[in-house]
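Please treat every number below as a calculation from the coordinates, not as lab data. Just so it is clear, the structure is predicted and the values come from calculations on it, not from any experiment. Ideal geometry is used to build each Cβ from the backbone, glycine not excepted, and the neighbour counts take in all protein chains shown.
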Amino acid sequence: MGLKIAMISGDNRKTAEAVAEELGIEKVLAEVLPSEKSAEIKNLQKQGEKIIFVGDGINDAPSLVQADLGIAMGSAQDIAKDAGQIILVQNNLQKVVEAVKISKLTFKTIRQNLFWAFGYNVIAIPLAAAGFLNPVIAAAAMAFSSVSVVGNSLRIYRK
């Protein structure tokens, strides 16, 4: 997906490195305190990185808030769930991949919808106001704009 993956964990180095190796994660920071996790996220953001943080514990709440997108696992403590923008019901890291894909598709669809909605309305309404276009046609274009936005959005459901 073109993402840089890193693990920031409070667990001991040996455990963190074993998990990272199994998941194919190259960058591992272990034995990190909660405040240090949040500071590391801030440093990465200062470098222009967009951060998705996945956490499941009370100690992950500050990092979930600091990240550009916080994803709390279903088994997470309530404070972590409150801090995250997405809560995964299942404790399955594959669901993080699905959430990222759905988020990217959703933002792409939003941009498309804005383009088409503004396109219809920016062209049809001024033409109707200037007398170059029948107001009924402009109203139909506005209605078609709404229908195309809904239709385009429904494509997300099919994917």
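When you restrict to C-alpha pairs under 8 Å that are six or more residues apart and normalise by the size of the range 6-91, the relative contact order lands at 20 percent.
Ranked by the mean number of other Cβ atoms within 10 Å of their residues, highest first, the peptides 98-104, 36-42 fall in the order 36-42, 98-104. Highest mobility in the GNM of the chain, judged by mean-square fluctuation with C-alpha springs under 10 Å and restricted to 126, 62, 34, is found for 126.
Of all the C-alpha pairs in the range 6-91, what % are more than 20 Å from each other? Considering the range 6-91, 32 percent of its Cα-Cα pairs are separated by more than 20 Å. Mean sequence separation of contacting Cα pairs (under 8 Å, at least six apart), scaled by the length of the chain, corresponds to a relative contact order of 12 percent. The translational diffusion coefficient of the chain, from Stokes-Einstein at 4 °C and 1.567 mPa s with a Kirkwood hydrodynamic radius over alpha carbon pairs, comes to 70 µm²/s. Radius of gyration over Kirkwood radius for the range 99-158, both on Cα atoms: the Rg/Rh ratio is 1.14. Once backbone amide H atoms are built at 1.01 Å from N, residue 54 has 71 as its partners under 5 Å, excluding neighbours fewer than 5 places away on the same chain.
Reducing the range 44-112 and the range 132-159 to their Cα centroids gives an inter-centroid distance of 32 Å. Counted over the range 68-125 with a bin width of 10 Å, the fraction of Cα pairs per bin, in whole percents, is 21, 34, 20, 16, 8, 0.
When shorter helices are ignored and each DSSP H run of at least 4 residues is given -39500 (n - 2.57), the per-residue value for the chain at 222 nm works out to -20000 deg cm²/dmol.
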